[in-house]
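Chemist: Structure below; questions to follow.
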Amino acid sequence: MPQNIYDQDDFFERYITLDRQVKGLIGAREWPQLRALLPDLNGLDILDLGCGFGWFSRFARENSAASVRAIDFSQNMLDRARVMTDDEKVTYERADLDELILPENQYDLVFSSLAFHYLVHLPNLIKEISKSLKPSGRLVFSIEHPIYTAPSNPAFLVDDERKKKIWPLDDYRKEGSRTTKWFVDGVQKQHRTIGSYINIVLSSGLQLTDFIEWLPTEEELKVYPASEDDGIRPKFLLVGAMKC
């Protein structure tokens with residue numbers, strides 16, 4: 001059974017205070033660049049993996065998507081999503097993404113935000129996604145950047161001599177489970193190198209169309225000066241791919 005940190009009360013109570021949960025997509029700093037990877041959603045059948053509170057699912061329908069199937073492993077997430085959604089064209093279901101089997105040629109777009117870095121069997125899921133996409137269908141997803149997931153102690157250090165912050169990077173080549181503290185101790189994530197993510201996508205028969213190491217723009221740094229740390233190292237990786 002995979003870890004289900006989002007259904008642990010002490011974690012969830014803190015998680016729901018994040019801007020991206022209070023404000024929705026506009027509270028997610030990477031959203032403008034991630035949104036730019038999306039095709040025109042009008043008339044599309046969409047699969048939303050790791051849907052959380054359903055922010056993207058509702059956005060898709062507001063932008064004329066034909067249907068959205070939204071999946072998450074957290075019951076807390078799904079309960080909140082159902083309360084917030086009044087749309088029969090959005091269906092929510094609970095499933096383990098590591099074990100997901102998908103139908104063939106079903107979706108025009110598969111979307112996932114910050115979920116894939118939890119998955120042990122991600123290569124299998126990407127193959128299922130490739131199978132489930134219609135010809136010229138798109139996969140768009142975001143993950144925590146491998147520079148962010150690799151360190152055994154992911155935190156900035158201060159170089160007193162140069163008077164600047166540095167991000168220590170160790171065990172980058174050592175892929176696999178990482179146990180870190182995020183609100184609570186014992187949060188488990190899966191680290192993979194950038195090369196592994198690229199090869200997982202390509203080996204599934206998809207063609208890479210976009211690959212962005214997310215950093216805040218100069219304009220964003222002016223508006224959100226507290227995000228200066230995100231300008232030191234990329235926090236997110238944004239990926240787009242197409243079924244040929």
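Chemist: Of the residues that sit in the stretch 49-72 and are surrounded by fewer than 21 Cβ atoms within 10 Å (Cβ to Cβ) and in contact with a Lys or Arg (Cβ under 8 Å, 6 or more places away or on another chain), which one is farthest from SER142 (Cα to Cα)?
Modeler: Ranking the candidates gives ALA66 first.
Chemist: In the stretch 85-120, how many are touching a residue at least 40 places away in the same chain (Cβ under 8 Å) and surrounded by 19 or more Cβ atoms within 10 Å (Cβ to Cβ)?
Modeler: Count: 15.
Chemist: Please specify each residue of the stretch 15-52 satisfying the condition of being of a type in the set (Gly, Ala, Ser) and over 13 Å from the mean Cα position of the chain (by Cα).
Modeler: Kept after step one, since they are of a type in the set (Gly, Ala, Ser), are these residues of the stretch 15-52: 24, 27-28, 36, 43, 50, 52.
Within the stretch 15-52, GLY24, GLY27, ALA36, GLY43 qualify.
Chemist: Among the residues of the stretch 134-145, is any assigned to a loop (DSSP other than H, G, I, E, B), of a type in the set (S, T, N, Q) and either in contact (Cβ under 8 Å) with a residue 24 or more places away in the chain or farther than 26 Å from ALA241 by Cβ (or both)?
Modeler: Keep residues of the stretch 134-145 that are assigned to a loop (DSSP other than H, G, I, E, B), which gives 145.
Those left that are additionally of a type in the set (S, T, N, Q): none.
No, every residue in the stretch 134-145 fails to be assigned to a loop (DSSP other than H, G, I, E, B), of a type in the set (S, T, N, Q) and either in contact (Cβ under 8 Å) with a residue 24 or more places away in the chain or farther than 26 Å from ALA241 by Cβ (or both).
Chemist: In contact (Cβ under 8 Å) with a residue 40 or more places away in the chain, outside any loop (DSSP other than H, G, I, E, B) and over 16 Å from VAL22 (Cα atoms): does that describe ALA60?
Modeler: On the way: in contact (Cβ under 8 Å) with a residue 40 or more places away in the chain: yes; outside any loop (DSSP other than H, G, I, E, B): yes; over 16 Å from VAL22 (Cα atoms): yes.
Taking the combined requirement at face value, the residue satisfies it.
Chemist: May I ask you to list the residues in the stretch 197-212 that are part of a strand (DSSP E or B) and not charged (D, E, K, R)? Step through it out loud before you land on a result.
Modeler: Keep residues of the stretch 197-212 that are part of a strand (DSSP E or B), which gives 206-212.
Selection gives LEU206, GLN207, LEU208, THR209, PHE211, ILE212.
Chemist: Ok, one more. So, in the stretch 104-133, how many residues would count as being more than 21 Å from LEU237 (Cα to Cα) and in contact with a helix residue (DSSP H, G or I) (Cβ under 9 Å, 6 or more places away or on another chain)?
Modeler: Within the stretch 104-133, residues that are more than 21 Å from LEU237 (Cα to Cα) and in contact with a helix residue (DSSP H, G or I) (Cβ under 9 Å, 6 or more places away or on another chain) number 4.
Chemist: Sticking with this structure for a sec: Cβ-Cβ distance below 7 Å, separation of 6 or more or different chains: which pairs start in the stretch 209-222 with a residue that is of a type in the set (Gly, Ala, Ser) and end on one that is at pLDDT 85 or above?
Modeler: As it stands, the answer is none, since no pair meets every condition given.
Chemist: For LYS163, indicate whether it is within 21 Å of PRO146 (Cα to Cα) and of a type in the set (Lys, Arg).
Modeler: On the way: within 21 Å of PRO146 (Cα to Cα): no; of a type in the set (Lys, Arg): yes.
The answer is no for LYS163.
Chemist: Answer with yes or no whether SER152 is among the small types (Gly, Ala, Ser) and assigned to a loop (DSSP other than H, G, I, E, B). Show your work before the answer.
Modeler: Numbers: among the small types (Gly, Ala, Ser): yes; assigned to a loop (DSSP other than H, G, I, E, B): yes.
In short, yes.
Chemist: Among the residues of the stretch 180-196, which ones are under 18 Å from the mean Cα position of the chain (by Cα) and in a strand (DSSP E or B)?
Modeler: THR180, TRP182, VAL187, GLN188, LYS189, GLN190, HIS191 - these are the residues of the stretch 180-196 that are under 18 Å from the mean Cα position of the chain (by Cα) and in a strand (DSSP E or B).
Chemist: Take the residues in the stretch 213-244 that are in a loop (DSSP other than H, G, I, E, B) and charged (D, E, K, R); name whichever of them is surrounded by the most Cβ atoms within 10 Å (Cβ to Cβ). Don't jump to the end; show me each part of the working.
Modeler: Filtering the stretch 213-244 down to residues in a loop (DSSP other than H, G, I, E, B) leaves 215-217, 224, 232-235, 244.
Then keep just the ones that are charged (D, E, K, R); that gives 233, 235.
Details: ARG233: 16, LYS235: 19.
So, considering only residues that are in a loop (DSSP other than H, G, I, E, B) and charged (D, E, K, R), the one surrounded by the most Cβ atoms within 10 Å (Cβ to Cβ) is LYS235.
Chemist: Filter the stretch 152-179 for residues that are at pLDDT below 90 and among the acidic types (Asp, Glu); which is farthest from the chain's Cα centre (by Cα)?
Modeler: Ranking the qualifying residues of the stretch 152-179, first place goes to GLU161.
Chemist: Separate question: Looking at this structure, is LEU169 out of contact with any Asp or Glu (no Cβ under 8 Å at 6 or more places or on another chain), in a loop (DSSP other than H, G, I, E, B) and of a type in the set (A, V, I, L, M, F, W, C)?
Modeler: Numbers: out of contact with any Asp or Glu (no Cβ under 8 Å at 6 or more places or on another chain): yes; in a loop (DSSP other than H, G, I, E, B): yes; of a type in the set (A, V, I, L, M, F, W, C): yes.
Answer is yes for this residue.
Chemist: Then there's this: Can we say ALA70 is closer than 20 Å to GLY27 by Cβ, among the hydrophobic types (A, V, I, L, M, F, W, C), touching a Cys at 6+ places or on another chain (Cβ under 7 Å) and not in a loop (DSSP other than H, G, I, E, B)?
Modeler: Numbers: closer than 20 Å to GLY27 by Cβ: yes; among the hydrophobic types (A, V, I, L, M, F, W, C): yes; touching a Cys at 6+ places or on another chain (Cβ under 7 Å): yes; not in a loop (DSSP other than H, G, I, E, B): yes.
When the stated conditions are applied, ALA70 passes them.
Chemist: Does ARG80 satisfy the condition of being farther than 26 Å from GLU144 by Cβ and in a helix (DSSP H, G or I)?
Modeler: Working: farther than 26 Å from GLU144 by Cβ: no; in a helix (DSSP H, G or I): yes.
Against the criterion (farther than 26 Å from GLU144 by Cβ and in a helix (DSSP H, G or I)), ARG80 does not qualify.
Chemist: So how many residues does the stretch 1-23 have that are crowded, with 18+ Cβ neighbours inside 10 Å and closer than 23 Å to TRP214 by Cα?
Modeler: Residues meeting the conditions: 2.
The values are calculated or read from the model by the stated rules, or taken from the named source; none is laboratory data. Quick caveat: nothing in here was measured; it's all calculated off a predicted structure. Every residue, glycine among them, receives a Cβ derived from its backbone with ideal geometry; neighbour counts consider all protein chains shown.
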